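Derivation of every value follows stated rules applied to the coordinates shown; laboratory data play no part. Computed from a predicted model, the values in this text were never measured in an experiment. Methodologically, a virtual Cβ is constructed for each residue, glycine included, from the backbone with ideal geometry; neighbour enumeration extends over all protein chains shown.
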Amino acid sequence: MRPESTGIVHFGLGAFSRAHQVVYTEDAMLATGDRSWGVLGVSNRMRGVLEPQDYRYTVLERGEGAAAPRMVGALSGVVRGEDVPELLARPQIRVVTLTVTEKGYRHDPATGKLDLGDPEITGDLTGKQSKTVVGQLVHGLRRRVGGPPLTVVCCDNLPGNGEFLRGLVESFCHAAGLGALADWIGDNVTFPSTMVDRITPATTEDDLREAERELGYRDEALVVTEPFRQWVIEDSFAGDRPAWERAGAVFTADVEPWERLKLRVLNASHSLLAYFGLLLGHATIAEAVGDPVLRDACSGMITDDVLPVLDAPTDAVEYGRTTLARFANPALRHTTKQVASDGSQKLGPRLLGTATDLRTRGREPRWIPYVVAAWLRHVETTEDLRDPLAEELRTDPLRRVLPDDPDFRGQVLAAHRQLVHEDPRAVLKEVLDGRA
């Protein structure tokens, strides 16, 4: 369907957002007949792809229970980042959503704070035009002062992502000498936390050709995804919002248990499969989870490390089983290399928080040091390392990533020595045998 007007500005119009938030929004408009929630994407890259297609694209589900191919029309346009400040001044924009990945927030992964030493953040603080998401958001909110309230919904895999983003915005305001703006934001802007879930690999040329044969047309913005989808949202909105619950979203007073479950079970398992999968020569996550040793290692990590310190909102054991079954979907072709990217930003929320909680309770993590060590091997052996801290990681990979805990660091380095000198499969079997 086509929207009648725009109500949402969305940062980061990658495959995931087009398979998730935009689809939920279209379903909400279809369910209610309220077509005022068109999504205006912010993406320099996708603008040139989607504009010739009238901002329409196809969602192609793969796997058991897949729906028929679907043409999505909820996008009302795509703009550049420099257009954001003027857009956020418009009163009809009532919600901002973001999927810019962990690295897009320009934060220090060890502290979760805005990295004021980042050159682009420094440039945004001193320049007239912003390049970073946080800078663009702050300058847009500055233009909105005196206007209606706004809700900013972070949908990236970060603990307490709403409060996290609020903290970055406040830090930017104070660093820029905008204390009065920070006060206005505190009174007029809410930052609900969310948990999002839908496995959506980057679309490949093979996907495009295969879909063209199946559909009879070429769609450069095609999204290939799984049938499963989930969205849990903190019910803390400053004003109107789409009826996302009519599309299956869950609104709750506390997202944290859901968010922690996903980060520490699903995302942590994803990282284990990616780093050990690469060490063992597996090209895709489906191949990696099909390796009995890696599958057993995931189950072991969930049972030994995660569950003892996880207050789950549902059956975490069953959630883990379902997660591994979803990973085994061969039609998605989610590559281990893609999942392994940006590890410096992902290890903290996915793995290191669990390790800290275990040690706080007097327990030692069994598996997490090995996953971090496998990431270290990835850093050491990958020439085209995809990570915002790539240069730093070449010289001191642990300083900006691990907590200041000498004992845990020692465990990671011991595991790393094993992976350097022994076969990774034998190392994992040794850990598995030690559980008996």
Across Ala325, Ala415, Ala221, the residue with the highest GNM fluctuation in the chain (Cα network, 10 Å cutoff) is Ala325
Distance in nm between pseudo-label sites at Arg363 and Thr314 (7 Å out along the Cβ direction from Cα)
2.3 nm
Quick one: which residues, 5 or more positions from Ala243 or on another chain, have an amide H under 5 Å from its amide H? H modelled 1.01 Å from N in the peptide plane, none for Pro or chain starts.
none
Which whole-Hz ³J(HN,Hα) couplings does region 160-173 yield from phi under the Karplus relation 6.51 cos²θ - 1.76 cosθ + 1.60, θ = phi - 60°, glycine and proline marked x?
x, 4, x, 5, 4, 5, 4, x, 5, 4, 4, 4, 4, 4
Taking 0.36 nm per residue of separation between Arg47 and Ala426 and subtracting their Cα-Cα distance, the length gained on full extension comes to 131.7 nm
On Cα atoms only, tilt of 368-381 relative to the major axis of the chain in degrees:
80 degrees
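How much length is gained if the chain between Asp240 and Gln129 is pulled fully straight, taking 0.36 nm per residue apart and subtracting their Cα-Cα distance, in nm to one decimal? Please list the in-between numbers first.
Values: separation 111, 0.36 × 111 = 39.96 nm, distance 2.94 nm.
Full extension from Asp240 to Gln129 adds 37.0 nm.
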With everything on Cα atoms, drop me the angle between helix 21-32 and the longest principal axis of the chain, reported from 0 to 90° to the nearest 10.
50 degrees
For each pair in Lys103/Lys337; Lys262/Lys429; Lys131/Lys337; Lys113/Lys337, compute the distance between the two Cα atoms and list the pairs where it is over 24 Å.
Lys262/Lys429; Lys131/Lys337; Lys113/Lys337
May I ask you to derive the FRET efficiency for Gln230 and Thr122 from their Cβ-Cβ distance with R0 = 41 Å, giving the value to the nearest 0.05?
0.65
Between region 256-326 and region 158-188, the alpha-carbon center distance in angstrom
34 Å
Quote the charge dipole size of the chain about the Cα centre in Debye, to the nearest 20; the model charges only the Cβ of Lys and Arg (+1) and of Asp and Glu (-1).
360 debye
Taking the Cα centre of region 197-269 as origin, work out the dipole magnitude from +1 charges on Lys and Arg Cβ and -1 charges on Asp and Glu Cβ, in debye rounded to 20.
180 debye
Please list, in chain and number order, the residues 5+ apart from Trp231 or on another chain whose amide H is under 5 Å from its amide H, with Hs placed from the backbone.
Val250
What's the center-to-center distance, using Cα atoms, between region 68-99 and region 233-251 in Å?
17 Å
Once you mark the trypsin sites (Lys or Arg not before Pro) that are in a DSSP loop and have at most 13 other Cβ atoms within 10 Å, what is the longest gap between them in the chain?
219-360
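Take the Cβ-Cβ distance between Asp433 and Ala390 as r, set R0 to 51 Å, and report the resulting FRET efficiency rounded to the nearest 0.05.
Details: r = 36 Å, r/R0 = 0.70.
For Asp433 and Ala390, the calculated efficiency is 0.90.
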To the nearest 0.05, how large is the calculated FRET efficiency for Ala253 and Arg70 if R₀ is 35 Å and r is the Cβ-Cβ distance?
0.60
Let me make sure I get this right: for region 256-434, a, b and c are the square roots of the gyration tensor eigenvalues over alpha carbons, sorted descending. Under 1.5 in a/c it's rounded, otherwise prolate if a/b > b/c, else oblate. Which is it?
rounded
Enumerate the amide H contacts of Leu402 below 5 Å, restricted to partners 5 or more residues apart or on another chain; note that Pro and chain-start residues carry no placed amide H.
none
At 222 nm, what value in deg cm²/dmol follows for the chain if DSSP H runs of at least 4 each add -39500 (n - 2.57) and the sum is divided by all its residues, to the nearest 500?
-13000 deg cm²/dmol
Using each residue's phi in region 312-322, evaluate 6.51 cos²θ - 1.76 cosθ + 1.60 at θ = phi - 60° and report the 3J(HN,Hα) Karplus result to the nearest Hz, with x for Gly and Pro.
8, x, 8, 5, 5, 5, 5, 4, x, 4, 4
Could you tell me which residue out of Leu272, Gly343, Phe11 lies farthest along the dipole of the chain toward its positive end? Charges go on the beta carbon: Lys and Arg +1, Asp and Glu -1, centred on the Cα centre.
Phe11
Which ordering of Ile8, Ile368 is given by a fewest-first count of other beta-carbon atoms within 10 Å?
Ile8, Ile368
Between Ala331 and Glu210, the two model label points (7 Å from Cα along the beta-carbon direction) sit apart by a distance in nm of 0.9 nm
Taking the Cα centre as origin and putting +1 on Lys and Arg beta-carbons and -1 on Asp and Glu beta-carbons, what dipole magnitude results for region 290-436, to the nearest 20 debye?
240 debye
For region 338-351, in order, what is each residue's ³J(HN,Hα) by Karplus, 6.51 cos²θ - 1.76 cosθ + 1.60 with θ = phi - 60°, in whole Hz (x at glycine and Pro)?
5, 5, 6, 5, 6, x, 4, 8, 9, 4, x, x, 8, 10
